[in-house]
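The values are calculated or read from the model by the stated rules, or taken from the named source; none is laboratory data. Being a predicted model, the structure only gives us computed values, none of them experimental. Here the Cβ is made from the backbone with ideal geometry for all residues, glycine too, and neighbour counts use every protein chain on show.
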Amino acid sequence: MAKKRARDADGQSASAHDPTVAKMDEDGSSDDDDFDIVDVDFEWFNYDPAIDFHGVKSLLRQLLDIDSQLFDLSALADLIVEQRTIGSTVKVDDKANDAYAFLTVLNLAEHAEKKAVSDLVQYLVEKSRTNEALAPIVDLLTSRKPVGLILAERLINMPPEIIPPMYSMLIDEIEAAVEDKEPYEFSHYLIVSKTYNEVESTLNDGERKKKKAKEDAPLFYFHPEDEVLQKHAAAYGTYEYTKEDENVADSKRAFQEMGVKSYGSLILIEASKFQGAVKATSDYLSPPS
């Protein structure tokens with residue numbers, strides 16, 4: 001398990017070696033019969049604005065998917081990396097490299113007057129209004145309650161086992177911040193994520209045909225921990241992206257015969273239940289003994 005990193009003013013990092021993660025091949029599999037095993041030492045770091053801006057911005061673009069163009073990602077990345085003692089990056093080999101993963105929390109009330117945050121909040125409110133299951137999120141965001149917005153993303157081939165240590169460290173860091181009278185005492189946490197359906201390709205003999213994804217198509221998770229976090233949620237659900245069009249499924253084709261239709265996802269968890277949700281995630285992603 002990764003150690004809690006120091007809350008030093010200079011953002012000094014502490015590395016950690018997690019045996020549940022280290023011996024994973026590049027796509028997260030541990031099947032010796034199909035893949036060569038690569039021993040990788042992942043390290044957790046505090047944010048460094050001089051190093052992490054571009055890597056975090058790139059991962060934000062991936063997290064927000066096709067709608068990322070609606071936001072000022074540079075301003076959001078700046079907010080994240082300026083929080084040196086809240087949240088983590090995961091890297092390999094050296095602190096100076098770009099992050100392979102990141103996780104953080106933003107105080108939406110504290111940053112409400114910043115345009116990058118207000119634009120994102122307005123977007124989340126509008127999307128929550130499209131799904132009755134997300135109605136509690138509308139009430140919280142419009143009343144400016146102390147909501148912590150969790151943003152987390154990693155490269156697609158990163159093993160999910162890196163995530164529980166990041167969440168555990170976040171809990172420790174928030175507790176320390178609250179003790180220091182910093183504005184990280186929340187009533188709820190809102191996790192922004194994404195899901196997808198497999199859909200039929202719109203390509204046929206070089207001609208494009210319009211086809212809609214079946215409403216009963218099964219939902220899959222880009223982040224497998226979301227399936228566990230939802231069990232502890234006060235509200236959760238998906239929404240369609242604003243910039244979605246019929247070309248997206250084929251441009252994201254990840255299967256021989258099927259395309260991928262992505263959806264935004266929101267998970268709202270009461271602060272009192274957050275630690276239990278993180279523990280359940282850790283139990284779920286731990287390898288069998």
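Quick notes
- Considering (1) within 14 Å of the chain's Cα centre (by Cα); (2) polar (S, T, N, Q); (3) surrounded by fewer than 21 Cβ atoms within 10 Å (Cβ to Cβ), the lone condition that T104 does not fulfil carries the number (3).
- Checked across segment 256-269, the condition of being more than 17 Å from the chain's Cα centre (by Cα) and at pLDDT 95 or above holds for no residue.
- Screening G148 with (1) closer than 24 Å to M166 by Cα; (2) out of contact with any strand residue (DSSP E or B) (no Cβ under 7 Å at 6 or more places or on another chain); (3) not β-branched (V, I, T) gives one miss only, at (2).
- The single condition among (1) within 27 Å of S187 (Cβ to Cβ); (2) in contact (Cβ under 8 Å) with a residue 40 or more places away in the chain that H54 does not satisfy is (1).
- Within segment 47-76, tally of residues that are surrounded by fewer than 16 Cβ atoms within 10 Å (Cβ to Cβ), in a loop (DSSP other than H, G, I, E, B) and touching a Phe, Trp or Tyr at 6+ places or on another chain (Cβ under 9 Å): 0
- Filter pass, V125 being under 27 Å from G276 (Cβ atoms) and modelled with pLDDT of 95 or more: no
- Residues in segment 152-176 that are closer than 15 Å to Q275 by Cβ, among the hydrophobic types (A, V, I, L, M, F, W, C) and surrounded by fewer than 21 Cβ atoms within 10 Å (Cβ to Cβ): I171, A176.
- Note on segment 182-212: among residues that are charged (D, E, K, R) and modelled with pLDDT of 95 or more, the one that is nearest to the chain's Cα centre (by Cα) is K194.
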